[in-house]
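Worksheet: one structure, shown below.
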Amino acid sequence: MSAVLKLELAKQEVSRKEGESVKGVFTRNGTLYVRKRVDGKLYSYSTGKKDDEMNRPWVEYQAEQIWQEKHDASYKEARVSAEPTLEEFGLIYYKICPDSRDQDTNDRLLNDFNEYAVPLLGDKKISKITPTDIEQWQEIIKYYPDPIPDTTGIKKVEPRRGASRLKNVRNALTQVIDRAVADGVREPLVIPKMKYKKKAPTRKVISIKEAEMMNNDELEDIFTDDTVTFTEEEILHLIGLCDKKIEQTRASHFRFTWKSFKCMMIFKFYSGVRSGEAMALMWDNIDFEHSKVKIKFTMKRGGSLKLPKEYKTREIQLLPEARDALLAAKELSGRKKWVFLNKDREPYKYTDGVDKLWKQLLEMGKYKKCRFYNTRHSFITNMLSRDLNSEWLIQQVGHEDIVITRLKYMGKISPELDKLYNSLENKVVYQ
C-alpha cells in the first residue's frame with residue numbers, strides 16, 4: 001500500500017472517531033458497502049463492487065465521496081417520489097381559494113383545470129413539467145377532446161375554441177404553476193406564449209360601386225359601432241311592443257311573464273343596474289318614501305346570491321320612470337320576496353329567460369340584435385345626454401370613476417342645440 005493511501009486512510013480514521021466522516025466499509029454477501037451515521041441514523045449504501053484485494057483499498061480510499069454521492073441520489077429519489085403531481089397540487093391550491101379572487105372565479109378556474117389540464121398533464125410530477133410539455137398542451141386544447149387535425153391537403157382548420165376561451169383555460173394551468181414556484185415546489189418556469197387566431201377585423205372600407213348598390217340601412221350596418229344604445233323614443237317604442245305582446249298572449253302565466261318583464265325592462269332602462277342586480281332585487285331593498293334602492297346582491301348563474309361587481313353594495317336614486325316600473329311590479333309580485341318573477345312566480349336564476357323575451361321584442365321592432373345588458377348602455381348614454389352630474393352617475397351604475405363610464409358606455413351623445421345657439425347669439429361670425 002502506498003504512503004499516500006496510508007495517509008488518507010489515517011485521516012479518515014481520525015474523522016470517524018470525531019463522528020464527521022464515513023463510519024466504515026463493510027462486506028455483505030461479498031459486496032462492499034459504505035455507511036455513515038447522520039443525526040443519530042445510520043445510512044448504508046452498496047458500492048456494487050466485490051470485496052477483493054483490488055477493490056477494498058480503493059473503496060476505503062474513496063469511501064467519503066462514494067457515500068455522499070449515493071446519499072444525495074437516494075435523497076433526490078425520495079424527494080421526487082414524495083413530490084405531488086400537477087393534479088394533486090392543483091386541487092389543493094384551488095380548494096384553498098386565495099383571498100385575491102372570489103369563489104365564483106375560483107370555481108370556473110377549477111372546472112377548466114379539471115377538464116383540460118388534469119386529463120393531459122395531471123399525472124406528471126409538477127417539477128418535471130417543461131416548457132415543451134406546456135407548448136404541446138396548448139396546441140392540444142385548441143381541439144380537445146378531438147385530436148389535433150392533420151392539415152395535409154387542408155387549406156383551413158378551425159379550432160374548437162376562440163382566443164378568449166383558450167386564455168381562460170391556459171390561465172387555469174399557469175395559476176397552479178406560478179403557485180408551485182412561489183412555494184418552492186419547483187424551479188421557475190418560463191411559460192411559452194400561446195398563438196391565438198386573430199379575429200378578422202370588421203370591414204370598414206367599401207368602393208363607390210359597392211355603396212351605390214346598397215341602401216342606407218345596409219350602409220349603416222357596415223359602419224355602425226357594435227355598442228347598441230336606444231334613444232328615449234326607441235325605449236317608448238319597445239314598451240309599446242311589450243304592451244302589444246301582452247295583449248296578444250292568452251295564457252295567464254305567459255301574460256304574467258311579459259308584464260313582469262316589462263317592469264324589469266323599464267326599471268333597467270331608467271336605473272342603469274346590471275341584469276344580475278335586477279334579478280336579485282328584493283322588496284326589502286326598496287325605499288319608496290325616499291325613492292331609493294339598495295343594490296346589495298347580484299344573482300349568480302344557477303340561483304345563488306353574491307356581492308355586486310367590485311364587491312361593493314351601493315344605494316341608487318329612483319328616477320320617476322324607474323319608480324313607476326317598481327310600483328307596477330309590486331301589483332304583480334308584492335306578496336313575494338323578489339321583485340321580478342318568471343312564469344313560475346319564482347326569481348330568475350339565469351339571464352337566458354329574460355334574454356329570450358328581449359330578443360323577441362327586438363325582432364318585432366326590427367332593431368339590431370344586442371344583449372339585454374344594453375339597457376345599461378342606453379341609461380348611461382341618455383343620462384349623459386341630459387347633462388346630469390357625473391358623480392351621481394358613477395354612484396348610480398357602480399363604476400370606480402367617470403373614465404370607465406365615458407370610455408365604455410357613452411354611445412352617441414346629442415348636444416343640446418338650443419343652449420348652443422343661444423350662446424352664439426349676438427356674436428359676429430362673418431364680417
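The values are calculated or read from the model by the stated rules, or taken from the named source; none is laboratory data. These numbers come from a predicted model, not from an experiment. Cβ placement follows ideal geometry from the backbone for every residue including glycine, while neighbour counts extend to all protein chains displayed. Protein only, heavy atoms only, side chains kept; ligands, DNA and RNA dropped before computing areas. Shrake-Rupley method; radii C 1.70, N 1.55, O 1.52, S 1.80 Å.
So here's what we get for this one:
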read-out	value
Low-density loop positions, chymotrypsin sites (Phe, Trp or Tyr not before Pro), region 230-332 - DSSP coil, at most 15 other Cβ in 10 Å	F288
Estimated D of region 319-372 in µm² per second, where Rh is the Kirkwood radius over Cα pairs and Stokes-Einstein applies at 4 °C, 1.567 mPa s	101
Dipole magnitude of region 224-312, debye to nearest 20 (Cβ charges: Lys/Arg +1, Asp/Glu -1, about Cα centre)	580
Farthest toward positive dipole pole in region 267-379 [+1 Lys/Arg, -1 Asp/Glu at C-beta], among N285, Y350, A325	Y350
Equivalent ellipsoid dimensions for region 49-148 as semi-axes, Å, which come from the Cα gyration tensor, largest first	46, 18, 9
Across K330/K366; K36/K125; K245/K337; K209/K366; K50/K70, pairs whose alpha-carbon gap is larger than 20 Å	K330/K366; K36/K125; K245/K337; K209/K366
With DNA, RNA and ligands ignored, accessible area of V205 (1.4 Å probe; Å², nearest 10)	110
Largest to smallest accessible area among Y94, Y367 [probe 1.4 Å]	Y367, Y94
Per residue value of the accessible surface for region 330-384 (all protein chains in place, 1.4 Å probe), Å²	55
Solvent-accessible area of D284 with every protein chain in place, 1.4 Å probe, in Å² to the nearest 10	130
Solvent accessible area, Å² - I208, 1.4 Å probe, full protein context	130
Coil-residue trypsin sites (Lys or Arg not before Pro) of region 153-192, DSSP, other Cβ within 10 Å capped at 13	K155, K156, R160
Where Cα atoms sit under 15 Å apart: lysine pairs in region 259-308 separated by 8 or more or lying on different chains	5
Convex hull volume of region 273-389 per residue (C-alpha atoms, cubic angstrom)	131
Net charge contributed by nearby residues that have their C-beta within less than 11 Å of R56 (K/R +1, D/E -1)	-2
